[in-house]
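**Q** This structure is in C-alpha cells; I'll ask about it shortly.
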C-alpha cells in the first residue's frame, strides 16, 4: 500500500464519524497531517489512534480566523498541503414550516459557507496539483423528511466541486465530491434515543439495496482514491457512495 505516502492532508471533522474514517484510511496509505474538530475529548482520542504522523487542531470551521489558523499551523508543521477534505457539517432537522431564520443561518454556515471558506483559506497553502475532496449527501438527491435545509446545502456543495475545479484549472487543483448515504456514525446519537439506535440502524439496512448501512471506511477508501494519483483524470466529479439508495431504491 502507500498510495498517499508522505502526502500532507487536512481533514475537517476528522475527530469522529466519516471524517475519522477518512483519516484512518489516509494513515493506512501513508499520509500525515491534521484532523480538525471542536470536541477536545474526541480530538485527543482520534489523534491517539492515528499516531505520531497526525496532529489535532481544535477549531470551528464556521470561524474564518480559525480556518486561517488551521492552515497556517499545518504548513508550519508539515510544509505545503497536498489534500484537503472538507468534511465538517451537520444535520438541520425540520421542515420549511418549522425552521426559522436562525436555523437557516446556522445550517448554511456549517454545511455550505464553511466549505467555501475551507477551500478559500486553504489556497495559499495547498500545492499546485493538489486534491480537494468535498463531502456531500444523498439528501441532495432525495427529499428525506425534515432534511430540506441540509439537502439544499449539500446540493450546493456538489456544485462547488464543479465550480471550484473550473476556478482552479490554472493550478491543476482537482476538486471532487463524495456523496454518502446513511453511515454508521455517532450522528445517530444526536437524533435517536439510545435504546432505539440499533433498531433504527436495522431499519435503514433493510431499505438499502445493498442490505447494510455504510461504514466510515467505505467513505475513507473512496477518499483515498480521490486523494491519490489514481484519480488524476477526475475533476468536478461526484462519487455517490450510498449503497444504491439514490439510484436503486424504490
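**Q** Helix 197-207 sits at what angle to the longest principal axis of the chain, using alpha carbons and giving 0 to 90 degrees rounded to 10?
**A** With both axes taken from Cα atoms, the answer is about 90 degrees.
**Q** Where does the chain land at 222 nm, in deg cm²/dmol rounded to the nearest 500, when only DSSP H runs of n ≥ 4 count, each adding -39500 (n - 2.57), divided by all residues?
**A** The per-residue figure over the chain is -13000 deg cm²/dmol.
**Q** Using a Debye calculation, one point per C-alpha and no hydration shell, please list log10 I(q)/I(0) for the chain at q = 0.09 Å⁻¹ in order.
**A** Calculated log10 I(q)/I(0) at the listed q: -0.36.
**Q** Further, regarding this structure: Subtracting the Cα-Cα distance from 0.36 nm times the residue separation, let me have the gained length for residue 5 to residue 144 in nm, one decimal.
**A** Gain in length upon complete extension: 46.1 nm.
**Q** Against the longest alpha carbon principal axis of the chain, how many degrees, from 0 to 90 and to the nearest 10, is the axis of helix 40-50 turned?
**A** Roughly 60 degrees, rounded to the nearest 10.
**Q** Once both labels are modelled 7 Å past Cα along the beta-carbon direction, what's the residue 250-residue 237 spacing in nm?
**A** If labels sit at residue 250 and residue 237, their model points lie 3.2 nm apart.
**Q** Compute the distance from the alpha-carbon center of segment 99-148 to that of segment 213-233, in whole Å.
**A** If we compute the Cα centre of each part, the gap is 18 Å.
**Q** With axes computed from alpha carbons, what is the tilt in degrees of helix 148-167 against the longest principal axis of the chain, rounded to the nearest 10 within 0 to 90?
**A** 30 degrees
**Q** Using a Förster distance of 22 angstrom, determine the FRET efficiency expected from the C-beta separation of residue 187 and residue 41, and round it to 0.05.
**A** 0.85
**Q** Evaluate the distance, in nm, between pseudo-label points positioned 7 Å from the Cα of residue 106 and of residue 207 along their respective Cα→Cβ axes.
**A** According to this spin-label approximation, the distance is 2.5 nm.
**Q** I'd like to compare 58-67, 34-43: which one has the highest average count of other Cβ atoms within 10 Å, and what's the full order after that?
**A** So the peptides 58-67, 34-43, ranked by packing, come out 34-43, 58-67.
FYI, it's all coordinate maths here, none of it is from the lab. Nothing here was measured: the structure is a model prediction, and the numbers come from that model. Methodologically, a virtual Cβ is constructed for each residue, glycine included, from the backbone with ideal geometry; neighbour enumeration extends over all protein chains shown.
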